[in-house]
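What follows is a short report on a single structure.
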Amino acid sequence: MSRRLTIAVFAATLALAGCSSSDGDKPQNPPAQGGTAAGQPPQNGGGGGGGEPTPPPPPPEPSNGDPVKWMDNLCIPISDFTRSLGGRMGDLANATDQAQMQAKLGQFIDNIAGGLGGTVARLNQLEPAPVKGGDEVKNKIVSSYTLSQNALKEAAAKIRAGDQDAMGQVMQSLGDETAKMVDPFKDNDPAEVRDAMAKAPRCKDLLTS
C-alpha cells in the first residue's frame, strides 16, 4: 500500500542526510523562517505551515448502513493525505546550502504534521461503523496518526533550532513515521473490514498505489 511513497521519502531523507554530512565542516547559518513547504499550497490532506491543521471539510455523506460506503468514507481522507505527501516532496532536493536545506526540511515536516492533524479531524467526523471492526480500525489509525504528528512536530522543532547532532535522528524519525502513515491498515484489517475495502473505490486506490 503506497510503498512507492515510502521509498521516495526515504530517498529524499537519505539525500538530505548526505547533504548535511558533507556540509558539516562549513559554518552554519540559521535556518530561514516562513514560506511554504516546497512552494506547495496546502493539499487535500489538510494542514498548512507550522503543523497546524486547517478546518476540515464538511462531514462525509452518511453511509446509511452500507459497509462499503463507510469504508470509502474512511479511506478518502487517508488517500488525500498520502497523495499530498508526494506533492510536498518535490522541492526538497533543490536546496543549495545547509541553511536552505534545514529551512525546507523543517517546513516540510511541519506541513506533514499539519496534514496528519487535518486527516485525523476528518476521520473523527465519521459516523459509527456499520461494519464489524470498523470503529476499532479507525481508532487505531487516529491514534497512530496522532502519535506520528507529535513525533514530527518535535523533529521539526529540532531542525528549526539548528540542532545538527539531532539531524540523523530526525531523518530516521521521518522515515519511520512516513512508513506508518502510508500503510495504516497493516496488521489492522479484520476480515469484514478487508472485504469492504476490496469494494470501496478510494480504498482500492490505496491498495494499488
Discussion item. For the condition out of contact with any strand residue (DSSP E or B) (no Cβ under 7 Å at 6 or more places or on another chain), open to solvent by less than 10 Å² (accessible area, probe 1.4 Å), among the hydrophobic types (A, V, I, L, M, F, W, C) and in a helix (DSSP H, G or I), what is the one hit in ALA113, ALA151?
Written reply: ALA113
Item to complete: Among what's in segment 174-187 and is open to solvent by less than 30 Å² (accessible area, probe 1.4 Å) and assigned to a helix (DSSP H, G or I), pick the residue that is modelled with the highest pLDDT.
Response: MET181
Worksheet item: Looking only at segment 132-154, which residues are touching a helix residue (DSSP H, G or I) at 6+ places or on another chain (Cβ under 6 Å) and hydrophobic (A, V, I, L, M, F, W, C)?
Response: VAL137, VAL142, ALA151, LEU152
Practice prompt. Run GLU127 past the list (1) within 19 Å of the chain's Cα centre (by Cα); (2) modelled with pLDDT of 80 or more; (3) assigned to a loop (DSSP other than H, G, I, E, B) and report the number of the one that doesn't hold.
Written response: (1)
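The values are calculated or read from the model by the stated rules, or taken from the named source; none is laboratory data. Because the structure is a prediction, the values reported are computed rather than measured. Using ideal geometry, Cβ is built from the backbone for each residue, glycine included, and neighbour counts are taken over all protein chains shown. Heads up: the accessible areas ignore ligands, DNA and RNA and are worked out on the full protein's heavy atoms, side chains in. Shrake-Rupley method; radii C 1.70, N 1.55, O 1.52, S 1.80 Å.
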